[in-house]
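First comes the structure, then the notes that go with it.
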Amino acid sequence: MKLLQPAHWARPKGYANGVAVCGRQVFVAGMIGWDAQGAFHSDDLVAQVRQALQNAVEVLAEAGARP
């Protein structure tokens, strides 16, 4: 991994402006609080966040990855 930091930029605190890596990358997007069939089972925010996170875990598992 190589951090990408232009020399004339101020150093960030707690993050990197850019990173270069080699190897396989998995990107997960569009996770919301519905189940595998696209149905919401609750109006509760906590329940929907829990489901959205579970959805992300399942997508990662398809790539042989985990959070």
Selection count, region 5-34, where residues are in a loop (DSSP other than H, G, I, E, B) and touching a strand residue (DSSP E or B) at 6+ places or on another chain (Cβ under 6 Å): 1
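Okay, residues lined up against (1) in contact (Cβ under 8 Å) with a residue 24 or more places away in the chain; (2) within 17 Å of the chain's Cα centre (by Cα); (3) at positive phi; (4) surrounded by 11 or more Cβ atoms within 10 Å (Cβ to Cβ):
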{"position": "5", "(1), (2), (3), (4)": "no, no, no, yes"}
{"position": "9", "(1), (2), (3), (4)": "no, no, no, no"}
{"position": "31", "(1), (2), (3), (4)": "yes, yes, no, yes"}
{"position": "45", "(1), (2), (3), (4)": "no, no, no, no"}
{"position": "63", "(1), (2), (3), (4)": "yes, yes, no, yes"}
Of everything in region 35-61, what is of a type outside the set (Gly, Ala, Ser), outside any helix (DSSP H, G or I) and modelled with pLDDT of 95 or more? Give them in sequence order. 40, 41, 43, 44
So which residues in region 38-56 are closer than 15 Å to residue 67 by Cβ and either of a type in the set (Phe, Trp, Tyr) or touching a Ser or Thr at 6+ places or on another chain (Cβ under 7 Å) (or both)? none
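The values are calculated or read from the model by the stated rules, or taken from the named source; none is laboratory data. Just so it is clear, the structure is predicted and the values come from calculations on it, not from any experiment. Every residue, glycine among them, receives a Cβ derived from its backbone with ideal geometry; neighbour counts consider all protein chains shown.
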